[in-house]
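The values are calculated or read from the model by the stated rules, or taken from the named source; none is laboratory data. The structure displayed is predicted, hence computed values, not measured ones. Please note: Cβ atoms are built from the backbone with ideal geometry, for glycine as well, and neighbour counts cover all protein chains shown. Heavy atoms of the whole protein, side chains included, go into the accessibility calculation; ligands, DNA and RNA do not. Shrake-Rupley method; radii C 1.70, N 1.55, O 1.52, S 1.80 Å.
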Amino acid sequence: MGGLKVIFKKELSDHFTSYRFLIIFSLIWMVSLLITYMVGTSIRDELSGVTKPKYVFLLLFMSSGGFFSFIQFVAFFGPLIGVILGFDLINREKNEGTLSRVLAQPIYRDAVINGKFLAGVVTISIMMTSIVLVISGLGLKVVGVVPGIDEILRIVIYLVISIVYISFWLGIAILFSILFRSVTTSALASLAAWIFFTFFVPLGAGIAAKSFVPPGEADKTEIILKQLSIQRSVSLISPVSLYSEASSTIIDPTKKTTRAYVLMGPFEKLSIERFSGPLPISQSLLIVIPYIISIVAITTICFAVSYTVFLRQEIRSL
Amino acid sequence: MSVAVIETQNLTKQYGPQKAVDNVTFNVYEGEIFGLLGPNGAGKTTIILMLLGLTEPTSGRARVLGVDPTRDAIKVKGMIGYMPENVGFYNDMNAIQSLKFIGELNGIPKDILQERIESALKTVGLDQDAKKKIGAYSRGMRQRLAIAELLIKEPKVAFLDEPTLGLDPDATSRVIELIETLRKEKNMTIVLCSHYLEMVQKLCNRVAIMIKGKMVAQGEIEKLAREKFGIGQEEYTLEEIYMRYFMEA
């Protein structure tokens, strides 16, 4: 336990004093402020002179304001935070000879990987929390609306989902830094995984849908619906899709399902129509729970693989 | 007769079909500096890693200070010090931070650690450069810092793997002096791996020679000289003895 604490402290201090952290943090901060300001002023202009509707505060996170929304921004660029924090955590130490020196001290080998992962997750948590707080603060000033308990809870859940999502990418980056000796290779492999899940899976989902259900002469609507259904199922193998669906559903109380309306069956449509107003938070949470569990599961699996590979590696290679 | 602090019996390490260490049996006694010699790839570092509990032997057994490193690696690592061939330091730390980090990993209480850091830095002659980033240190200074790490840990046994590699003559003689200090003042038992045979001859009275994973000779330098040349210790160098074993193997 002592070893874990010492490694954790050192890693945390390394993150917060590194130039790469400061650069990415400033960049994300600037973009977030820009998005919030643009969205905030556009909401203020649109709502001037009218009674502000409920849940207007959440628009700060989900409205694009002519650019892109904060949710979309995190879904797209969040992985880069995880990758940048983790792509050289292990192999840099192997190459510099510090890992064998640390492991020669009376600590368990898992203290090293646990300490590094925990420090990364805490760094991500501090980064995301501070950004969400700044957005909320700026939003309060620009829009002039105080969020209610329900809105605050939705933001907190969204924050937790975002931290787990970025931690998944940290786990992927750590795994590559264990598998590859070269720092460049592990960075490239992490970026390749990001590109694959962000661009190729959605593209592949479309192609898969068309190959499984080829366009025919029969009922075109039925074919399109089948294709959309397959496309959606395939795209859900990507953590980016899982995160986007979960975060947009939890932050938007008017969103009653993660599925497109056209894909719903008659009973589902009937059930949805019973709720004319926004969903209570418990209902939104029920909808996204499978997605949250999936993101947590893939993050855990990714870390477990890293952990196993690291513990089984022959010390000569460290 | 001194107590054996390191005992190995038929120690073997196999990587796939290749035996990196092949049936090695030797003892190291309390308070001595034991030289482990051999060309690159002879298996010296693998032996050290097995004795540290950092890698498991394929067969055979080892005991360090009475403890089996395979079963209780943490206990063994707490009692011994290791200076690897290419000592890696965090370049953005200074010497004090680096020593503090190692001290904390060893669970040394804060007040004791502070005293030991000051004393160790003075002993190795780095007290004036203690607040300089390690990235700005010369190779000799880094080696001395590695010895300072051993000093704060105060281990009973230290493994030094090529401690003078790449050092200029002045830095080499300072490291040799420090190794002698470790033995005389701290009563450490030292296992020294080095290609610098002049230093080994000066510091050690017993050596072992390893070639291709096998220990081809071990004992007092005097005894090895008589075995190979049949002459007294004034008329040979360790290099000549080593080369004779090497050529025969």
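Can you classify the stretch A:122-164 as rounded, prolate or oblate using the Cα gyration tensor, where a ≥ b ≥ c are the square roots of its eigenvalues, rounded means a/c under 1.5, and otherwise it's prolate if a/b beats b/c and oblate if not?
Oblate, because a/c is 1.5 or more while a/b does not exceed b/c.
Of B:ASP170, A:ASP14, the residue with the largest accessible area leads and the full order is B:ASP170, A:ASP14 (1.4 Å probe). Across bins of 10 angstrom width beginning at 0, how are the C-alpha pair distances of the protein assembly as shown distributed, in whole percent? Cα pair-distance distribution for the protein assembly as shown, in percent: 3, 15, 21, 18, 14, 11, 9, 6, 3, 1, 0. The distance from the alpha carbon centre of the stretch A:158-173 to that of the stretch B:71-107 is 32 Å, rounded to a whole number.
At an R0 of 41 angstrom, the distance between the Cβ atoms of A:LYS5 and B:LYS223 translates into a FRET efficiency of 0.25.
Using a probe of 1.4 angstrom and keeping all protein chains present, the accessible surface of chain A works out to 46 square angstrom per residue.
Could you pull out the longest piece of chain B with no exposed loop trypsin sites (Lys or Arg not before Pro) in it, calling a site exposed if DSSP puts it outside H, G, I, E, B and it has at most 12 other Cβ atoms within 10 Å?
B:132-249
Burial annotation for the stretch B:12-47: residues with an accessible-area loss of at least 40 Å² between the isolated chain and the complete set of protein chains, computed on heavy atoms with a 1.4 Å probe, are B:TYR15. Counting only residues at least eight positions apart within a chain, or on another chain, the lysines with an alpha carbon under 19 Å from that of A:LYS226 are A:LYS210, A:LYS269. In the stretch B:160-249, the C-alpha radius of gyration followed by the widest Cα-Cα span (Dmax) gives 13.8, 39 angstrom. The charge dipole of the stretch B:4-248, taken about its Cα centre with unit charges on the Cβ atoms of Lys, Arg (+1), Asp and Glu (-1) only, comes to about 600 debye. Of the heavy-atom accessible surface of the stretch B:4-248 (probe 1.4 angstrom), what whole percent is carbon and sulfur? Ligands and nucleic acids excluded, carbon and sulfur give 44 percent.
Using the Kirkwood radius over C-alpha pairs as Rh, can you work out the diffusion coefficient of the stretch A:94-242 via Stokes-Einstein at 10 °C, viscosity 1.306 mPa s, in µm² per second? The diffusion coefficient I find is 82 µm²/s.
The contact residues of the stretch A:92-113, meaning those that lose at least 50 Å² of 1.4 Å-probe accessible area when all protein chains sit together rather than their chain alone, are A:ARG101, A:ALA104, A:GLN105, A:PRO106. This model, with +1 at the C-beta of Lys and Arg and -1 at the C-beta of Asp and Glu, gives the stretch B:1-94 a dipole about its Cα centre of some 220 debye.
In chain A, the C-alpha radius of gyration followed by the widest Cα-Cα span (Dmax) gives 22.1, 71 angstrom. Among the residues of the stretch B:74-111, which ones have their accessible area go down by 40 Å² or more when all the protein chains sit together, as opposed to their chain alone (1.4 Å probe)? The answer is B:ILE74, B:LYS77, B:GLY88, B:TYR90, B:PHE101, B:GLU104, B:LEU105 - residues whose exposure falls by at least 40 Å² when every protein chain is included.
Bridge orientation summary for the protein assembly as shown: considering DSSP beta bridges with both residues in this region, about 55 percent are antiparallel. For chain B, the solvent-accessible area works out to 45 Å² per residue, with a probe of 1.4 Å and every protein chain left in place.
Buried accessible surface for the A/B chain pair comes to about 2200 Å², total over both chains, computed with a 1.4 Å probe. The shape of chain B can be summarised by an equivalent ellipsoid whose semi-axes, obtained from the alpha carbon gyration tensor, come to 31, 22, 16 Å from longest to shortest. Carbon and sulfur atoms: what percent of the 1.4 Å accessible area of the stretch A:17-75 do they account for? Its accessible area is 66 percent carbon and sulfur atoms.
Are any of the pairs A:LYS94/B:LYS186; B:LYS77/B:LYS214; A:LYS94/B:LYS133; B:LYS44/B:LYS132; B:LYS132/B:LYS184; A:LYS5/B:LYS13 more than 27 Å apart by Cα-Cα distance, and if so, which?
A:LYS94/B:LYS186; B:LYS44/B:LYS132; B:LYS132/B:LYS184; A:LYS5/B:LYS13, as the Cα separations exceed 27 Å there.
Per-residue ellipticity at 222 nm, computed for chain A from helices alone with -39500 (n - 2.57) per DSSP H run of at least four residues, works out to -25000 deg cm²/dmol. The dipole here belongs to the protein assembly as shown: it is taken about the Cα centre, uses +1 on the Cβ of Lys and Arg and -1 on the Cβ of Asp and Glu, and is about 1060 debye. Ranking A:THR300, B:THR12, A:THR185 by solvent-accessible area of protein heavy atoms (1.4 Å probe, all protein chains present), from largest to smallest, gives A:THR300, A:THR185, B:THR12. Three semi-axes describe the equivalent ellipsoid of the stretch A:59-103; taken as square roots of 5 times the Cα gyration tensor eigenvalues and ordered largest first, they are 39, 8, 5 Å.
Summary value for the stretch B:4-248: 25 percent relative contact order, contacts being C-alpha pairs under 8 angstrom separated by 6+ residues.
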